[in-house]
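Engineer: Take this structure, written in structure tokens, and hold onto it; I'll ask about it next.
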Amino acid sequence: MSAANEEVKFTLKALVNKEKTEVIFAEVDSDLADVLVSFLTLPLGKIVSLLEKHYGSNSPVIGSLNTLRKSLANLDSVHFWTEGGKLMLLNPRSLFEDECRKLKLNIDHETKAAKYFTCGDTDCKSSYVSMYYGTSKCDRCGKSLNREIGIRKTKTGAINGDGGVFTHKTMSFLISDDLQVMTNVPGSIIRILKNVGITNMDGSELRTVSVGLNEIMDLLKGSLLSKTPLTDLILHKTQMNSVTIMYEPGILLHQTEKSSDPKKVIVKALIQKSTNKFLIVQAQEDFVDFLFGLLTIPLGGVIRLLGCKTSLGSVDTFCRSIENLIGSGHLKTLVTENGPLEPMLPPKYRSHNQILSITEQRMPPLYHWPSMFNSTEYVSTRPRVDPMYFKDPKGEGSFVKRPGIFLVTDNLTVVPSRMTLSLSIVNGLKIPFSDVEEVDVEIGFEEALGILKASLTSTYALTSGLNSILKKQPKQEQ
Ligand SMILES: [Zn+2]
């Protein structure tokens, strides 16, 4: 982490109960509230990588996301249409990274501003663009896409006026132990006190706490793993790594969010009949593309997709309370227009194998400029670029190369299918073959949501996410 981030400190005032066992609520200024809202803008894969980097070997387990991301990192680039595609999935960007650069503390500070590269040959008429230097070849001449071009952003003035990012700079907020954010008024205090069953404040104590990068990371971790992240942080009660989250099955959906013609993919699953447990799944590239795509969805979008029922720590109450603040005048229009709470991806991030109702932002216009003159003047002779980014140049709109056969374990570890591997899996089952059944499983909208939800909290994402659905599947004739 950068020295600048290390030095940033926020001041938080917390009211602690008289037994000194609980934080009843805390007061935060808009700078700290902005940092908390920025958690929602981070893609799942980014959250996993930030936590792994910060906590190292003590990094918390977030469902099956760590193993999914690890297997993505281990998967050879040959399985992707472009190397840039793999790099993007490993380090997905946030739609709000420009805004987050203006935070007092940006936990994703290592993400540099996006750059765009086109064919290195200035005479080439190719319009292909990559976000990764030299990782793709030009469609026309075969040269490397390594010449930087400019971007003209259409989204301007998102942060204007008072210097706040997601909340108005002049505002302060009250936050309950489970991260409900409220306006800082006496009515909110009485509501919180009533909620926690406190009838008078005798003996309670106001503490002033200094919050820096380590504490912010603890809050990010706590928001995912704990129902009492403020108490954990301020009274150091629990080791959150050891917290076991219960996966709560059942979904949930706003029927309206179901797309009219949802995509479906079929996988072959080996199931243990006696337990209905997924032993291993054999899938084509479409299912793997979908799984890796989960890492690109921002946390706020995930919470919205799951109707604020992720089963994760405190982010559901946090998210709902932010929604409740819309109309209070405390939030910037960026938030009131639902930005960080939308299941929306940056331009070109959406795979055509995406099953969930997720949109992507429109591509901002890109313009060539002659970098040899070191000029910021845009050249209008070739005004518009047709961007290719990370997907396959033939325009199939996916990241993982076709055809591909992969094996997916219950914790979403993805590996290319090999006979030796299949043999070792069959060998390692240690259950009678009579108890094993191969079934075709259709992954549609509900199944995809089930996997998404289970991937957040369960290391048995397929069994947890598909179990109820599996019971409905007609038994196959052998
Ligand atoms: Zn070229």
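Engineer: How big is the Cα convex hull of segment 288-347 in projection, averaged over all directions, in nm²? Show your work: numbers first, answer last.
Structural biologist: Working: hull surface 19.0 nm².
The number I arrive at for segment 288-347 is 4.8 nm².
Engineer: What is the packing order of peptides 275-283, 119-127, taking the mean over residues of other C-beta atoms within 10 Å and listing the highest first? Walk me through the intermediate numbers first.
Structural biologist: Details: 275-283: 19.6, 119-127: 15.1.
Highest mean packing first, the order is 275-283, 119-127.
Engineer: Which ³J(HN,Hα) values in Hz, rounded to whole numbers, follow from the phi angles of segment 204-221 under the Karplus curve 6.51 cos²θ - 1.76 cosθ + 1.60, where θ = phi - 60° and Gly and Pro get x?
Structural biologist: 6, 9, 9, 10, 9, 10, 8, 10, x, 4, 4, 5, 5, 5, 4, 5, 4, 4
Engineer: Between Val439 and Ser57, 0.36 nm times their residue separation minus their Cα-Cα distance comes to what?
Structural biologist: Values: separation 382, 0.36 × 382 = 137.52 nm, distance 3.75 nm.
Answer, rounded to one decimal: 133.8 nm.
Engineer: Let me ask something else about it. Remind me, relative contact order of segment 5-91 in percent, using alpha carbon pairs under 8 angstrom and six or more residues apart?
Structural biologist: Values: 48 pairs, mean separation 16.0, N = 87.
Relative contact order here is 18 percent.
Engineer: Please work out the average accessible area per residue across segment 34-176, using the 1.4 Å probe convention, and give it in Å².
Structural biologist: Working: 5830 Å² over 143 residues.
For segment 34-176, the per-residue accessible area is 41 Å².
Engineer: Moving to a separate point now. For the pairs Lys104/Lys332; Lys9/Lys70; Lys125/Lys348; Lys112/Lys227; Lys70/Lys268; Lys70/Lys401, flag any whose C-alpha to C-alpha distance is greater than 25 Å. Display every interim value, and only then the final one.
Structural biologist: Values: Lys104/Lys332 16 Å; Lys9/Lys70 33 Å; Lys125/Lys348 22 Å; Lys112/Lys227 33 Å; Lys70/Lys268 23 Å; Lys70/Lys401 19 Å.
Exceeds cut-off: Lys9/Lys70; Lys112/Lys227.
Engineer: How much length is gained on full extension from Lys112 to Asn427, taking 0.36 nm per residue of separation minus their Cα-Cα distance? Mind showing how you got there, number by number?
Structural biologist: Numbers: separation 315, 0.36 × 315 = 113.40 nm, distance 4.64 nm.
My answer for the length gained is 108.8 nm.
The values are calculated or read from the model by the stated rules, or taken from the named source; none is laboratory data. Remember, it's a predicted structure, so these values are computed and weren't measured experimentally. Neighbour counts are summed over all protein chains in view; Cβ atoms, including those assigned to glycine, are modelled from backbone coordinates with ideal geometry. Just so you know, the surface numbers come from the protein's heavy atoms only, side chains and all, with ligands and any DNA or RNA stripped out. Shrake-Rupley method; radii C 1.70, N 1.55, O 1.52, S 1.80 Å.
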